[in-house]
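J.: Mind having a look at this structure? Questions to follow.
Just so it is clear, none of the values below were taken in a lab; they were calculated from the coordinates. What you see is a predicted model, and the numbers here were worked out from it, not measured in a lab. When we count neighbours, we look across all protein chains shown, and the Cβ atoms used for this are built from the backbone with ideal geometry, even at glycine.
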Amino acid sequence: MRRVAIVGAGMTKFVRRAHETAKELTFEASRLALESCGMKRQDLGCVVHGTAPDAFDGFHMKGEFLLDGSGGFGKPYMRCYVGGGTGVFAPIHGFLHVASGLFDTCLVVCEEKMSSCQPHPQGAFISIFDHTTERPLGPNLLWIFALEMNRYMSVHGIKLEDIARVSVKNKGNALDHPSAQLGEKLTVEQVLQSEIMAWPVHRLMVSPTSDGAAAVILAAEGVAEKLTDKPVWIQGVGWNLDTAYWTNRDLYYPEYVEKAARMAYGMAGIREPSKEINFAEPYDPFAYKELHHMEGLLLCGKGEAPRLTADGVTARTGNLPTCPSGGLLGVGNPIAAAGMMKVCELFWQCRGEAGKRQIPGPPKRGVAQAWGDLMQVGTVLVVGSEKPKT
Amino acid sequence: MSQPSQTPGTALRAEDFSSGRVITVRDRLFTRYAWDAGVAIGRYLAGLRRGVILGSRCPKCDRTVVPVRSFCERCFSALVDEVPLTDRGTVNTFSVTYVTWDMKKLEKPLIPAVIEIEGASKGCGILHLLDPDLDPKTVKVGMRVRAVWKGTRSREGAITDIRHFARLEEGAGA
């Protein structure tokens, strides 16, 4: 396999409802990513597009629908999709395209326009549940994540305050992100006093629904160095799915995230993740998910993530900053674009270009992770300023 | 080149629509489906109609799973025989939810739960609802529950043939 680097990145604002269409948002993110490394659409070897359920747009063949905004016509083009895990799954596909030697460069763009689905995009999620054994009970994502959160809290004896601290940190971090939808200075008390939507989930522990797009440009070794003097190398990739029989497994721990992380770390030669990784962008659509995923990513032991958060270890100034971007809780959650926003953050942080959000250093190595489907997919990407050995 | 401080993307506000500045096209998609329950879930639903919760036994993995399935996803062998389980269980996890599937508010909350079914292997359960008249404050992980069935005549071979799961009073139904 050839070594592959990220050489450019770009993203739109994340907003509750955008004037721009899905195609226009996709174009804007792609254009910014191309401009950031001085490339033109004509230069691209291939294009990978990531977008989540067609039901949001009410448009089938969404990959084809968004082809032109993605700069993909007349080129080898693919759309890939694993629900919320898509934003990190798509750059993994881009990596494979380039690492294989088939292409020298790849534009990877992820987009979501959720607001088209009325009256609330949440309604579209009914169609992810089993049509015979689950849908007649009327479930939605808030329910099942509340079930997972309660299981996680019950097994480890975690308190609501522990979870609320993640909302405070991430929404605070997002105040420094120029694309953020919900940056806000909050207290733990304000989070705990917010409306209970599906106990133990409170309103301020949930990311918003959003419209937005984000993109990166990947290039092979030899090409990357000509496009930028600061390539950020992809050191490891991993992905894994657990069984869709989600009521037959223990939700307190995301084993599939651990498996995906082990795959990526093995490739990157990482033996002690908590020491060898400088910062992380774990997937945080709900506040507890950041903690759950830090554990799955082996950045701490099972049940230990709340203590790291309370001790400030995961703050931007701490030893292991998590979601310095502001995460999905703060920047917003246009499903596939949200995961890609995390990959963009790794790129900007490792190059020392994250502005007010910059982690001192700049950090040498970061991990981004996304998650989705029926609480069953983990997608992991490890990047750093050092070129991987193999 | 750093991330630009001004990024594209225009947030819309309510007045953008009321003033007619922004044009929106509204539509409704109608699609109808008839989902065949299939071989395994067909048996499961027939069991529910009789008032029995059925699982599948995988002799190779020494595991009894619920609901019934045609194959073991772990060892990938075909599963032929379904086994009757009890209609009692233990709350593995639960929520007290004030929103419906399409985000309408509920005054009286629903209590969805994962219920581990007695007779299945540990950790194997189903999604269902707990008795809506339970005081949510008294619901605990580990609480024992039993299925409350619809009357025989109104059962139709559906997951909703179980109305909900109610608290199993100690000493009863064991």
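J.: Among the residues of the stretch B:78-135, write down those that are surrounded by fewer than 20 Cβ atoms within 10 Å (Cβ to Cβ) and of a type in the set (Asp, Glu).
T.: B:81, B:102, B:107, B:118, B:131, B:133, B:135
J.: Of these, A:198, A:224, A:260, which one is of a type in the set (Gly, Ala, Ser) and under 21 Å from the mean Cα position of the chain (by Cα)?
T.: So the residue among A:198, A:224, A:260 that is of a type in the set (Gly, Ala, Ser) and under 21 Å from the mean Cα position of the chain (by Cα) is A:260.
J.: For the stretch A:147-162, does any single residue satisfy the condition of being without any contact (Cβ under 8 Å) to a residue 24 or more places away in the chain and within 23 Å of the chain's Cα centre (by Cα)?
T.: No, that holds for no residue.
J.: Still on this model: For the stretch A:185-203, check the following and say yes or no: at least one residue is more than 29 Å from residue B:100 (Cα to Cα) and either assigned to a helix (DSSP H, G or I) or of a type outside the set (A, V, I, L, M) (or both).
T.: Start the filter on the stretch A:185-203 by keeping residues that are more than 29 Å from residue B:100 (Cα to Cα), which leaves A:185.
Among the residues that remain, those that are also either assigned to a helix (DSSP H, G or I) or of a type outside the set (A, V, I, L, M) (or both) are: A:185.
Checked the stretch A:185-203: at least one residue is more than 29 Å from residue B:100 (Cα to Cα) and either assigned to a helix (DSSP H, G or I) or of a type outside the set (A, V, I, L, M) (or both).
J.: Which condition breaks for residue B:10 when tested against (1) surrounded by fewer than 20 Cβ atoms within 10 Å (Cβ to Cβ); (2) in contact (Cβ under 8 Å) with a residue 24 or more places away in the chain; (3) of a type outside the set (Phe, Trp, Tyr); (4) at the interface with chain A (Cβ under 9 Å from one of its Cβ atoms)?
T.: For residue B:10, the exception is condition (2).
J.: With respect to residue A:99, determine if the residue is within 25 Å of residue A:366 (Cα to Cα) and surrounded by fewer than 21 Cβ atoms within 10 Å (Cβ to Cβ).
T.: Against the criterion (within 25 Å of residue A:366 (Cα to Cα) and surrounded by fewer than 21 Cβ atoms within 10 Å (Cβ to Cβ)), residue A:99 qualifies.
J.: Out of everything in the stretch A:16-27 that is touching a residue at least 24 places away in the same chain (Cβ under 8 Å) and surrounded by fewer than 24 Cβ atoms within 10 Å (Cβ to Cβ), what residue ends up being nearest to the other protein chains (Cβ to nearest Cβ)? Talk me through it step by step, then tell me what you get.
T.: Step one: of the stretch A:16-27, the residues touching a residue at least 24 places away in the same chain (Cβ under 8 Å) are A:16-18, A:20-27.
Then drop every residue that is not surrounded by fewer than 24 Cβ atoms within 10 Å (Cβ to Cβ), which leaves A:16-17, A:20-21, A:23-24, A:27.
Details: A:16: 7, A:17: 5, A:20: 6, A:21: 11, A:23: 13, A:24: 9, A:27: 9 Å.
So, considering only residues that are touching a residue at least 24 places away in the same chain (Cβ under 8 Å) and surrounded by fewer than 24 Cβ atoms within 10 Å (Cβ to Cβ), the one nearest to the other protein chains (Cβ to nearest Cβ) is A:17.
J.: In the stretch A:277-298, is there at least one residue being part of a loop (DSSP other than H, G, I, E, B) and basic (Lys, Arg)?
T.: no
J.: Still on this model: For the stretch B:112-134, which positions are acidic (Asp, Glu) and within 13 Å of another protein chain (Cβ to nearest Cβ)?
T.: Matches in the stretch B:112-134: B:116 only.
J.: Within the stretch B:28-63, take every residue that is β-branched (Val, Ile, Thr) and closer than 25 Å to residue B:123 by Cα and give me the one that is nearest to the other protein chains (Cβ to nearest Cβ).
T.: Looking at residues that are β-branched (Val, Ile, Thr) and closer than 25 Å to residue B:123 by Cα, I get B:41.
J.: Further, regarding this structure: Taking the stretch A:32-59, which residues are surrounded by fewer than 17 Cβ atoms within 10 Å (Cβ to Cβ) and farther than 20 Å from residue A:114 by Cβ?
T.: A:35, A:38, A:40, A:41, A:42, A:43
J.: Taking residue A:209 as meeting all but one of (1) of a type in the set (S, T, N, Q); (2) within 14 Å of another protein chain (Cβ to nearest Cβ); (3) surrounded by 23 or more Cβ atoms within 10 Å (Cβ to Cβ); (4) under 30 Å from residue A:16 (Cβ atoms), write down the number of the exception.
T.: (3)
J.: Which one of these does residue A:139 not meet: (1) farther than 20 Å from residue B:103 by Cα; (2) within 14 Å of another protein chain (Cβ to nearest Cβ); (3) part of a loop (DSSP other than H, G, I, E, B)?
T.: The failed condition is (1).
J.: Looking only at residues in the stretch A:244-285 that are surrounded by 24 or more Cβ atoms within 10 Å (Cβ to Cβ) and closer than 24 Å to residue B:128 by Cβ, which one is nearest to the other protein chains (Cβ to nearest Cβ)?
T.: A:247
J.: Just checking: which of the strands (runs of 3 or more DSSP E) contained wholly in the stretch A:1-80 hold 1 or more residues that are of a type in the set (Val, Ile, Thr) and touching a helix residue (DSSP H, G or I) at 6+ places or on another chain (Cβ under 7 Å)?
T.: Details: elements: A:4-11, A:46-50, A:77-80.
Answer list for the stretch A:1-80: A:4-11, A:46-50.
J.: Shifting gears a bit: When you check residue A:70 against the structure, is it under 23 Å from the mean Cα position of the chain (by Cα), small (Gly, Ala, Ser) and within 10 Å of chain B (Cβ to nearest Cβ), yes or no? Before the answer, list the steps.
T.: On the way: under 23 Å from the mean Cα position of the chain (by Cα): yes; small (Gly, Ala, Ser): yes; within 10 Å of chain B (Cβ to nearest Cβ): no.
So residue A:70 fails the test.
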